[in-house]
Amino acid sequence: MDATTAFLASRRKALVLIALMIALGIFGIWASAVPENETTGGRIPAPRPGFLAPAFSLESLDGGEHSLADFKGQVVVLNLWASWCPPCRAEMPALQSLYEQYQDQGLLVIAVNMTYQDNISNVTSFVQEFGLTFPVLLDRTGLVGNLYRMRALPSTFFIDRQGVIQEVVVGGPMSELTLQSLVAEMLEEES
């Protein structure tokens, strides 16, 4: 065999080997794929509209433990707040009223207190003062504040029944009319 023939034969072997490696790689990717119904449907958690709400689990003011996943199937208004925050104080009655008005239609308000910036006795007094009947969760370490990239208080996330954030309102206070329009639209879309 001359040098040219040997070169061409080794090149063919290399190309066959490369093609085989590519085929094995494609098969490996296909074989290891997670079935679509076992994933987030291509959505990743992020604190922005159109993304899955980041998962968390926190202690509640009444001593229980709640996870955001516990509330899947409900429209959730997730409000990050502190007792010392004037706009938080101003909008909390509207959140309570909203909850009372729409809870039978599948609405849940979750108030996550930034306890790492607050005082638990002030939180308890605040909840009693405003007669809050929805879950009040305690973010003692800043976990939820960090997950949701909290930039200001209050910060409110409107989450649909599939766990996808539909709207984010940073700052406040929001009026009861604003809250009603955002929530009513979400409840109607998913009825």
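Would you call Phe71 more than 16 Å from Tyr148 (Cβ to Cβ) and either under 22 Å from the mean Cα position of the chain (by Cα) or in contact (Cβ under 8 Å) with a residue 40 or more places away in the chain (or both)? It is false that Phe71 is more than 16 Å from Tyr148 (Cβ to Cβ) and either under 22 Å from the mean Cα position of the chain (by Cα) or in contact (Cβ under 8 Å) with a residue 40 or more places away in the chain (or both).
Okay, residues lined up against (1) within 18 Å of Phe157 (Cα to Cα); (2) modelled with pLDDT of 95 or more; (3) assigned to a helix (DSSP H, G or I); (4) touching a strand residue (DSSP E or B) at 6+ places or on another chain (Cβ under 9 Å):
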{"site": "Gly73", "(1), (2), (3), (4)": "yes, no, no, no"}
{"site": "Val76", "(1), (2), (3), (4)": "yes, yes, no, yes"}
{"site": "Ala94", "(1), (2), (3), (4)": "yes, yes, yes, no"}
{"site": "Ala111", "(1), (2), (3), (4)": "yes, yes, no, yes"}
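Among residues of region 157-178 being among the β-branched types (Val, Ile, Thr) and surrounded by fewer than 21 Cβ atoms within 10 Å (Cβ to Cβ), the one that is nearest to Ala46 (Cα to Cα) is Val164.
More than 16 Å from Val144 (Cβ to Cβ) and crowded, with 19+ Cβ neighbours inside 10 Å, is that true of Glu100? It is false that Glu100 is more than 16 Å from Val144 (Cβ to Cβ) and crowded, with 19+ Cβ neighbours inside 10 Å. For region 75-93, state whether one or more residues are open to solvent by less than 10 Å² (accessible area, probe 1.4 Å), free of Cβ contacts under 8 Å to residues at least 60 places away in the same chain and closer than 27 Å to Glu188 by Cα. Looking through region 75-93, at least one residue is open to solvent by less than 10 Å² (accessible area, probe 1.4 Å), free of Cβ contacts under 8 Å to residues at least 60 places away in the same chain and closer than 27 Å to Glu188 by Cα.
Conditions (1) modelled with pLDDT of 95 or more; (2) touching a Leu at 6+ places or on another chain (Cβ under 7 Å); (3) of a type in the set (Phe, Trp, Tyr), marked per residue:
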residue: Leu132; (1), (2), (3): yes, no, no
residue: Arg140; (1), (2), (3): yes, no, no
residue: Asn146; (1), (2), (3): no, no, no
residue: Met150; (1), (2), (3): no, yes, no
residue: Arg161; (1), (2), (3): no, no, no
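Every residue, every condition in (1) under 18 Å from the mean Cα position of the chain (by Cα); (2) over 23 Å from Gly63 (Cα atoms), yes or no:
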residue	(1), (2)
Cys85	no, yes
Gln101	no, yes
Val123	no, no
Asp139	yes, no
Gly142	yes, no
Pro154	yes, yes
Leu179	no, yes
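If the condition is being open to solvent by 60 Å² or more (accessible area, probe 1.4 Å), β-branched (Val, Ile, Thr) and either free of Cβ contacts under 8 Å to residues at least 12 places away in the same chain or under 19 Å from Tyr99 (Cβ atoms) (or both), then region 124-156 contributes only Thr133.
When the residues of region 1-14 are filtered to those that are aliphatic (A, V, I, L, M) and loosely packed, with under 10 Cβ neighbours inside 10 Å, the one that is modelled with the lowest pLDDT is Met1.
The values are calculated or read from the model by the stated rules, or taken from the named source; none is laboratory data. None of these values were measured; they are calculated from a predicted model. Every residue, glycine among them, receives a Cβ derived from its backbone with ideal geometry; neighbour counts consider all protein chains shown. These area figures cover heavy atoms from the full protein model, side chains too; ligands, DNA and RNA do not enter into them. Shrake-Rupley method; radii C 1.70, N 1.55, O 1.52, S 1.80 Å.
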